[in-house]
Structures are given as structure tokens and as C-alpha cells.
Amino acid sequence: MSFTWKEYLERNYPKKAERANVKALELLEVYDRKVDLSDFTGLESFKLVMIPNTNSLYASRVSEVDVSKCVNLKELELLNNIVVSAEEASLKILETELDVALKKQAGVIERDYGETKQNVDNKVFELQRKVNNLKPLVPTFNTDINQFAGLTALKSLKLNGLPRREVHNSFLINWEVSKWKGSLQAFKDMVDLEELDIRYTKIDDDLECLNSHKLKSFLVSGDLKNMLQPYDFDVYAWKLIKFPDLMAVDATVWTKKMNSLINYEKRELTRLNDDWHQSRQPASFYLAFDPAKKTYEYINKPKKIVRLESKIALLESKLTEGFSTFLGAFSGGTAEKEEDKQPSWVKSKTLNG
């Protein structure tokens, strides 16, 4: 059984005063456009669970959640279901069918057996009419991550999408990734953030703004994944290399931080190797690129160990070649810089991680 948000409140929290004392909330059975959590000022954990409906697993029951008054939130989970409505799901299906019909009409793809040109023209006309009628009914809602900027107590934030393909009436529907969008500068004051998942979203700008001091798990996809993979998805290490002037006041401090990070990672590598050998668990063979031989070789090690070894080698090489580069960046010399990659707000600001 499903309820509107108002019915859910009346059923579970009829007294407004008691809502402020609720610490955790997980919604599974609410069917409504908007969930307003303004009365839940003491909330520390909120999760919106995806629920399938008749149109698609991607068609959401809830379109928007207001957490602006929940300043004590430490855990927030708003997955892909919050940003796709049933109307938008139906529109996506119609637009996919229309695209196929238009390609048949233009002769890009062949018509089905027994299908005439007039049949195709009629179908295009009917689908265009349905699309035009449905577009005004698709709800709009705020998907900019700036709305979470005030939640500075967050320790875990999950906004990841769940990419999916679906066959509907013989048409393959490629659902868009989560529509969450914006700059990571919105999260710069979240100093306690330990877990962040933004896979399959449109959040990919200003990574250097992210406070990485306590970040233990950072799950990304697309360009961000390609950018961070050599650093084993360590934002702190990436920032030390790419934005040294944001991470230290001078080259000496930068060098000290690099050495400290390398020593820490070497201790972690020793621990992983010890655990692996003690467990006596053989690793699976897989292909990996050997930069020394410039060929792909079969590796018989856990991938986590290989990634960490690669990261340490990268950091050591950057430390060796980066000292003069770092001095050049401060002296205004011709050494390699990151000026073109820095956003407009970067002046002489220093970040601690």
C-alpha cells in the first residue's frame, strides 16, 4: 500500500512536535511529487528507496525532497529515483519510438516487412502529437547540488544514478544517468565527508574544491573515473599533483606532504601484501600494462595491490620531477602549470585537503 506524503505523516508522525526528534527516516511507500522534511530538524539519516512502478524502474514516485532545514544530517541517500518522473519515463519511450519512425521516413533504416510509406508517415504524425501533448506535463524540479551546500555535517552522501537499458514494445530504451548536476564547490564546506557517491550523474566540475581530508570512499564514473584512476581514486593525492599551490604555502611543505603520503601508502602496501600472503588466497590472472616493458603482462596479484603499487610509483616520479615544477609555478617561471584548469574563484587560496 502506498501513501501520499501527507497521509504518511498522519499515519506515522501525527504530532508535528515529535517530528523534530526523529533521527532516521527511510521512505519506501510514499507516492507523492514532493517530500518536505522541514519539520524533521533533528534528522541525522535520510534515505529515499527506489520503488518500481508500472512504467519503469526509473519512473519515480517522488520527484523532489526538501532537506534544507535538516542541518544535522550525517547520512543522505537520494538515488536516481528522485529525478525521473513517470511522465518523463513515458516521454522517453515515445521519443525513442519517434526517432526510429523518423529514420524509417528518411530512409536511414528499412521499413518493417509489410510496412508502407503511408504507415510510417501516419505513425510519425501520431507520435509527434503525443510527444507535444506530454511535454508540458513533465514536472520540473531542482536537481542542482547547491541545495545541499548547507548540510555541512554530512559524513555520507549518495546521489548516484543506476544506468539501465530496457526493452519496451521491441524498442531499446537507454535511460539517462541521474540528472543531479552542478559543481563540487557546493561540497567544499563538508569537512567531515567520508563517503561520496556521484556515479552516473552530471557532477564533474571543480574537483579541487572537494575537501578530501577525511574522504575514505569516493565513487565516480566517466571523465572523473579516468582522471582519478591512476591515483587509486585518492582526491588528496590528485590535488597534490595537479594543484600544488592550493595544497601548500611553499615547495618545502609540498615536498613534506608528498613524502608523508608516499610513506603512508608504502605501509598500507606492506599490510595488504602481508594479509594476502597470510590468507594464502591466490589472485586471479589478468592482463595489466607494464610501463617498463611497454607491453601488457599477465599479473597474478590482487588488483588492489597492483593499483597501490602503480599509485606509489606515480607519486615518487612526480616527487622527483615535480620539485622544480612546483618552484616554477610559484616564481612565475615557464615550468608546467595548472592555470588553465583552475576555476575563476582560485586566487591565492590555500586548501588543507
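We did not get these values from a lab; they are worked out from the coordinates using the rules stated. Since the structure is predicted, the reported quantities are computational estimates derived from the model, not experimental observations. Cβ atoms come from the backbone with ideal geometry, glycine included; neighbour counts cover every protein chain shown.
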>> With θ taken as phi - 60° and the coefficients 6.51, -1.76 and 1.60, list the Karplus ³J(HN,Hα) couplings across the range 35-40 in order, rounded to whole Hz; mark glycine and proline as x.
In response: 10, 9, 9, 4, 7, 9
>> Take Lys225 and Lys103, extend 7 Å from each Cα along the Cα→Cβ direction, and tell me the distance between the two endpoints in nm.
In response: 2.4
>> Taking a virtual spin label 7 Å from the Cα of Arg271 along the C-beta vector, which residues in the range 177-218 bring their backbone nitrogen under 20 Å of it?
In response: 193-196, 212-218
>> Quick check: from the Cα gyration tensor, does the range 178-274 come out rounded (a/c under 1.5), prolate or oblate?
In response: oblate
